[in-house]
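**Q** Structure in structure tokens, see below.
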Amino acid sequence: MDLQLAGDRILIVGASEGIGYATARALAAEGARVTIAARRADAIAAAAQRIANDTGTPVVAEVADVTDADSVANLLQRIESLDALVLATGGSRRASFESLTDADWLANYELNVLGGVRTVRAALPLLRQGRSPRVLFFGGAAARMPYPNQVVSNVHKAGLLALTKTLAAELAPDGIRVNALCPGRTWTRLWQDRAETLARDEGTTVDAIVHRFSEEILVGRFAKAEEIADVAAFLLSPRSSYIVGQSINVDGGIARGLL
């Protein structure tokens with residue numbers, strides 16, 4: 001299926017690895033003009049080169065940190081034109097409620113919510129001039145099925161769904177289509193590191209940890225980053241033009257709620 005993304009100018013923030021990287025690669029393979037950004041210059045430059053080598057499509061690498069307002073503003077000043085913005089930043093933190101300080105809450109909020117807010121705000125002038133402009137947030141299945149010992153991330157992922165729905169209504173008159181994609185457990189470096197830590201702490205193997213965390217997933221396994229990226233590419237394409245203000249789980253069935 002041709003997703004009709006060739007030539008679209010797309011900025012993906014948080015794309016040096018994992019789901020963000022896989023999404024950038026999928027979009028470049030469709031012929032989009034992709035710019036990727038992340039905090040580490042060496043990592044984002046290497047990611048851009050790998051994507052270009054794999055897809056034959058040049059990719060621009062930029063350095064930016066969504067937790068720094070000036071960094072975000074400077075990034076958008078370097079972008080000349082924009083049709084779509086993808087926020088693949090954020091993350092989860094495993095900790096009990098009582099162990100979390102105010103600083104922990106604020107830092108996680110800035111990474112999961114405020115960073116996206118300031119990036120969209122800075123990008124709006126460019127998006128309003130773009131071709132069928134779109135914004136796609138990456139959230140998490142935890143927004144609909146809170147995970148144990150991840151209270152701070154659960155709360156902020158749910159807040160991102162509210163942000164998506166609110167912005168979709170507010171920006172619709174400008175022709176800007178806003179959605180969110182909510183992955184479940186996906187095998188990336190972050191999960192590999194977590195599994196290795198748990199295996200070491202519990203005196204077991206990584207395979208045993210992965211098996212245990214896979215038991216709650218209806219398909220019985222973690223997602224590949226590419227499986228999430230394929231859905232992201234569809235949501236960013238004209239093929240999904242009637243999907244607006246939605247937060248779509250791609251989670252293998254782990255979230256069992258009706259809504």
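The values are calculated or read from the model by the stated rules, or taken from the named source; none is laboratory data. Bear in mind that the values here come from a model prediction, so they are computed numbers and not experimental data. For neighbour counting, all protein chains shown are included, and Cβ atoms are generated from backbone atoms with ideal geometry for every residue, glycine included.
**Q** Taking VAL178 and the conditions (1) under 20 Å from LEU111 (Cβ atoms); (2) touching a residue at least 24 places away in the same chain (Cβ under 8 Å); (3) assigned to a helix (DSSP H, G or I), which numbered condition does it fall short on, given that it satisfies the others?
**A** (3)
**Q** Is one or more of the residues making up region 139-153 aliphatic (A, V, I, L, M), over 19 Å from LEU111 (Cβ atoms) and in a loop (DSSP other than H, G, I, E, B)? Before the answer, list the steps.
**A** Filtering region 139-153 for residues aliphatic (A, V, I, L, M) gives 141-143, 145, 151-152.
Filter once more, keeping what is over 19 Å from LEU111 (Cβ atoms): 145.
Checking which are in a loop (DSSP other than H, G, I, E, B) leaves us with 145.
Looking through region 139-153, at least one residue is aliphatic (A, V, I, L, M), over 19 Å from LEU111 (Cβ atoms) and in a loop (DSSP other than H, G, I, E, B).
**Q** While we're on this one: Within the bounds of region 146-158, is there any residue that is closer than 21 Å to GLY252 by Cβ, modelled with pLDDT of 95 or more and small (Gly, Ala, Ser)?
**A** No - not one qualifying residue is present in region 146-158.
**Q** Against the condition buried (at least 17 other Cβ atoms within 10 Å of the Cβ), polar (S, T, N, Q) and over 17 Å from PRO148 (Cα atoms), how does THR188 come out, does it pass? If you could, list the steps in order and put the result at the bottom.
**A** On the way: buried (at least 17 other Cβ atoms within 10 Å of the Cβ): yes; polar (S, T, N, Q): yes; over 17 Å from PRO148 (Cα atoms): yes.
In short, yes.
**Q** Still on this structure, I have one more. Take the residues in region 50-79 that are in contact (Cβ under 8 Å) with a residue 12 or more places away in the chain and polar (S, T, N, Q), then tell me which one is surrounded by the fewest Cβ atoms within 10 Å (Cβ to Cβ).
**A** Checked region 50-79; the qualifying residue surrounded by the fewest Cβ atoms within 10 Å (Cβ to Cβ) is THR67.
**Q** Which of the residues spanning region 181-218 are in contact with an Asp or Glu (Cβ under 8 Å, 6 or more places away or on another chain), in contact (Cβ under 8 Å) with a residue 40 or more places away in the chain and not in a strand (DSSP E or B)?
**A** GLY184, ARG185, THR188, ARG189, listed by residue number.
**Q** For ASN112, all conditions in the list (1) of a type in the set (S, T, N, Q); (2) in a helix (DSSP H, G or I); (3) at pLDDT 95 or above; (4) under 14 Å from the mean Cα position of the chain (by Cα) hold save one; what is the number of the exception?
**A** With (1) of a type in the set (S, T, N, Q); (2) in a helix (DSSP H, G or I); (3) at pLDDT 95 or above; (4) under 14 Å from the mean Cα position of the chain (by Cα) applied to ASN112, the lone miss is (3).
**Q** Residues that are hydrophobic (A, V, I, L, M, F, W, C) and modelled with pLDDT under 95: does region 184-194 have at least one?
**A** Step one: list which residues in region 184-194 are hydrophobic (A, V, I, L, M, F, W, C), which gives 187, 190-191.
Then drop every residue that is not modelled with pLDDT under 95, which leaves 190-191.
Checked against the condition, which is being hydrophobic (A, V, I, L, M, F, W, C) and modelled with pLDDT under 95, region 184-194 yields at least one hit.
**Q** Which count do you get for residues in region 2-21 that are more than 19 Å from the chain's Cα centre (by Cα) and either surrounded by fewer than 19 Cβ atoms within 10 Å (Cβ to Cβ) or part of a strand (DSSP E or B) (or both)?
**A** Of all residues in region 2-21, those more than 19 Å from the chain's Cα centre (by Cα) come to 2-4, 6-7.
Add one more test, that the residue is either surrounded by fewer than 19 Cβ atoms within 10 Å (Cβ to Cβ) or part of a strand (DSSP E or B) (or both), and what stays is 2, 4, 6-7.
Adding up the residues that qualify gives 4.
**Q** Of the conditions (1) buried (at least 17 other Cβ atoms within 10 Å of the Cβ); (2) part of a loop (DSSP other than H, G, I, E, B); (3) of a type in the set (Lys, Arg), LYS157 fails just one. Which one is it?
**A** Condition not satisfied by LYS157: (2).
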